[in-house]
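Step one of this worksheet: look at the structure below.
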Amino acid sequence: MATEVKPTATGYARRSYSFLQIAIAMQTLTIFLQAVSAGLLLTASYGETLHSVGARVMYGASMLYVLAAVLAWKRGGGSPRPIWHASGFLALASVQVVLGIAHVPSVHLPLGVLMFGLSVLALARR
């Protein structure tokens, strides 16, 4: 669903965002917050806890993205391409979690940067 501009009684336009756009924005925000908490891992005693909790929230946001893509496809009857994108992102998030648990920062960190870039790109396309 494209962003709509709706006229209001005051003459100002309001934007309406789809559930899919909101889900992608939440995912992008959680990935950014993961980068912040990764920095806190190096400087604060609570950094590890914050990063661990953030990983669960980020994974949940990735699952929400898949759900939103499926619902947008079912309702609009359009291309299933957003479902493939969301599913691929969930697969990357799964790999990211495994790499984090296994303490493989040489792949975990660059993958996080890639995920943030892809999420920003998905957000810009919507």
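The values are calculated or read from the model by the stated rules, or taken from the named source; none is laboratory data. Bear in mind that the values here come from a model prediction, so they are computed numbers and not experimental data. Cβ sites come from the backbone with ideal geometry, for glycine too, and all protein chains shown count toward neighbours. Heavy atoms of the whole protein, side chains included, go into the accessibility calculation; ligands, DNA and RNA do not. Shrake-Rupley method; radii C 1.70, N 1.55, O 1.52, S 1.80 Å.
The heavy atoms of Thr28 offer some 10 square angstrom of accessible surface to a 1.4 angstrom probe. Tally Lys/Arg at +1 and Asp/Glu at -1 over every other residue whose Cβ is under 15 Å from the Cβ of Gly88; what's the total? Result for the local shell: +2.
Coupling constants for region 64-77 follow from the phi torsions by the Karplus curve (6.51 cos²θ - 1.76 cosθ + 1.60, θ = phi - 60°), and in residue order they are 5, 4, 4, 4, 4, 5, 5, 5, 5, 5, 4, 6, x, x Hz; glycine and proline get x.
A helix-only calculation puts the chain at -27000 deg cm²/dmol for mean residue ellipticity at 222 nm, using -39500 (n - 2.57) for each DSSP H run of at least four residues, averaged over all residues. Note that the chain presents 65 Å² accessible area per residue, ligands and nucleic acids not counted, probe 1.4 Å. Only one residue of Val57, Gly39, Val97 has its Cα farthest out toward the positive end of the dipole of the chain, where Lys and Arg carry +1 and Asp and Glu -1 on Cβ, and that residue is Val57.
What is the list of residues in region 77-101 whose amide nitrogen lies under 16 Å from a point 7 angstrom out from the Cα of Arg56, following Cα to Cβ? Under cut-off, by backbone N: 97-98, 101. Using alpha-carbon pairs under 8 Å, 6+ residues apart, how would you state the relative contact order of the chain in percent? Relative contact order here is 25 percent. Dipole magnitude for the chain: about 560 debye, using +1 per Lys or Arg Cβ and -1 per Asp or Glu Cβ, origin at the Cα centre.
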